[in-house]
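The values are calculated or read from the model by the stated rules, or taken from the named source; none is laboratory data. In this text the structure is predicted, and so the values were computed from the model without any measurement. Virtual Cβ from ideal backbone geometry, glycine too; neighbours counted across all protein chains shown.
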Amino acid sequence: MRHGATEGNAGDPPEFRLGDCATQRNLSEAGRDEARRVGARLKAERVPIAQVLTSPWCRCRETAMLAFGKAEDWEALSSTFAMPERETDFSERVRKRIGNYSTRKPTQGNVVMVTHNVNIAALTKLSVAPAEIVVVRPDGCCGLRVVTRIAPPAA
């Protein structure tokens, strides 16, 4: 899932710090509403959510908390917008983790990963809207197959 809509332009201010949300590009009120609507829709459709992993960026963590009420930071979901040299490593770690889920016995729900458009594009070759969900499955040893896309519910 991509984080909800934000204030400002793409990327973060030059001197942003991960531990300080005031220095980052954050969710707009519209982005907060998108996150709440996504969570309400999935709950209404009884989609079980077992785990929510998120980029440590504040806009991703806030999206996860508003939509699902829980979030666990995972570095591999960090934005590669300003550090493209990390894209291959992060993408490989995400592919591997998704592949590991498929080899386990069924869990009590789905795993949601809240991240950035640049990361989703690196994994799926798709550009997605804020708060859009791309459902994927492992495809062979090292790839992912897009199952469907879920647009954020309208206001």
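Being surrounded by 17 or more Cβ atoms within 10 Å (Cβ to Cβ) and of a type in the set (D, E, K, R) is a property that does not hold for Glu72. Taking into account only those residues within region 1-54 that are hydrophobic (A, V, I, L, M, F, W, C), closer than 13 Å to Pro130 by Cβ and touching a helix residue (DSSP H, G or I) at 6+ places or on another chain (Cβ under 8 Å), which is surrounded by the fewest Cβ atoms within 10 Å (Cβ to Cβ)? Out of the qualifying residues, it is Ala5. Evaluated against (1) among the aliphatic types (A, V, I, L, M); (2) out of contact with any Asp or Glu (no Cβ under 7 Å at 6 or more places or on another chain); (3) outside any helix (DSSP H, G or I), Leu53 falls short on exactly one condition, (2).
A search for C-beta distances below 6 Å between a residue of region 30-43 that is closer than 15 Å to Val114 by Cβ and any residue that is assigned to a helix (DSSP H, G or I) and among the hydroxyl-bearing types (Ser, Thr, Tyr), counting only pairs 6+ apart in sequence or on different chains, returns Ala35/Thr63. None of Ala40, Ala22 is modelled with pLDDT under 95 and part of a helix (DSSP H, G or I) except Ala22. When the residues of region 66-92 are narrowed to those that are among the aromatic types (Phe, Trp, Tyr) and more than 11 Å from the chain's Cα centre (by Cα), which ends up modelled with the highest pLDDT? Per the stated criteria, the residue is Phe68.
Restricting attention to region 44-65, the residues being over 13 Å from the mean Cα position of the chain (by Cα) and in contact (Cβ under 8 Å) with a residue 12 or more places away in the chain number 4. When Lys125, Lys96 are screened for being of a type outside the set (Ser, Thr, Tyr) and within 30 Å of Asn9 (Cβ to Cβ), only Lys125 passes.
Do we have Ala122 as in contact with a Ser or Thr (Cβ under 8 Å, 6 or more places away or on another chain), over 19 Å from Val52 (Cβ atoms) and at pLDDT below 95 here? The answer is yes for Ala122.
Contact map, region 1-18: residues that are modelled with pLDDT of 80 or more and among the polar types (S, T, N, Q) paired with residues that are surrounded by 12 or more Cβ atoms within 10 Å (Cβ to Cβ) and assigned to a loop (DSSP other than H, G, I, E, B), Cβ distance under 6 Å, separation 6+ or inter-chain. Pairs shown: Thr6/Arg25; Thr6/Ser28.
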